[in-house]
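Read the structure below first, then the notes.
The numbers here are math on the coordinates, done by the rules we state, and not lab data. Quick caveat: nothing in here was measured; it's all calculated off a predicted structure. Please note: Cβ atoms are built from the backbone with ideal geometry, for glycine as well, and neighbour counts cover all protein chains shown.
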Amino acid sequence: MRRLAFLFLLFPFLPLSAQEPWMYDPYGAIVRGDTSRSTLYLVFTGHEYAEGAGVLCRTLKREKVAAAFFFTGDFCRRYPRLVRKLKRRGHYTGAHSDKHLLYNDWLQRDSLLVTKEQFLEDLRQNRAALAALGIPPEETRWFIPPYEWYNRAIVEWSREEGLVFFNYTPGTLSHADYTTDEASSYRSSAEIYQSILAYEARDPNGLNGFFLLSHIGAGPGRTDKFYKWIGPLIRELKRRGYGFGALE
């Protein structure tokens, strides 16, 4: 309780749903939930591509699982009917920046590539695009950054906007489902799937509290689509005793 009180003093604007024993990375982002409960969170992001939407919608409906989707403003303007559909089905739908900006340097993480004004303008445009589809700002308080790359300044600016800043839980290859066939960083869907189950087996807490990130589409450069493996993954994790949490 003392730790939770300390977190509340630091971040008094977090909604009650965020007043949990979240784990933070060195930059201040939430990266994992309660490790005492066999619950994880399915998170999908989207900017340019959405070819996995149909499969994911059918899979989540069949498995009775709620997921969290985070979209850029460009995605919202390109696929408005899809965004509305996901919201109607009860999935969390939040912000992922407007133009999918790279906020800070890949090699020198403390080196910002945007000003605070540029960051806030882009973020507000993203939330405005969601609001235009019937998803008001008070319902888009969770925020995962583009490229899942940030530093402490980005986290602090987000919190000043009243956002709950988070990132995927490290340790698996789930986020590598965007890698294209010819890329040196390419990871097959089988490899990604096995990395998740291998992590579950070796971590004393399994996948408890995990934010498991993948993408709603990878584009034509990847032929081995990981979203086709989401159904088998959900069923296997259910078999192992996991439930799937919903962001609020």
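Worth a mention:
- Where SER36 falls short, out of the listed (1) among the hydroxyl-bearing types (Ser, Thr, Tyr); (2) surrounded by fewer than 19 Cβ atoms within 10 Å (Cβ to Cβ); (3) within 14 Å of PHE143 (Cα to Cα): (3)
- Scanning region 93-115 for residues that are surrounded by 12 or more Cβ atoms within 10 Å (Cβ to Cβ) and out of contact with any Ser or Thr (no Cβ under 9 Å at 6 or more places or on another chain) yields LEU101, LEU102, ARG109, LEU112, LEU113, VAL114.
- Qualifying helices (runs of 4 or more DSSP H) (wholly inside region 29-131; at least 2 residues being among the aliphatic types (A, V, I, L, M) and out of contact with any Leu (no Cβ under 8 Å at 6 or more places or on another chain)): 53-63, 80-88, 116-131
- Test: LYS85 is over 16 Å from PHE165 (Cα atoms), surrounded by fewer than 20 Cβ atoms within 10 Å (Cβ to Cβ) and touching a Cys at 6+ places or on another chain (Cβ under 9 Å): yes
- Any hit, region 64-81, residues being closer than 27 Å to GLY241 by Cβ and free of Cβ contacts under 8 Å to residues at least 40 places away in the same chain: yes
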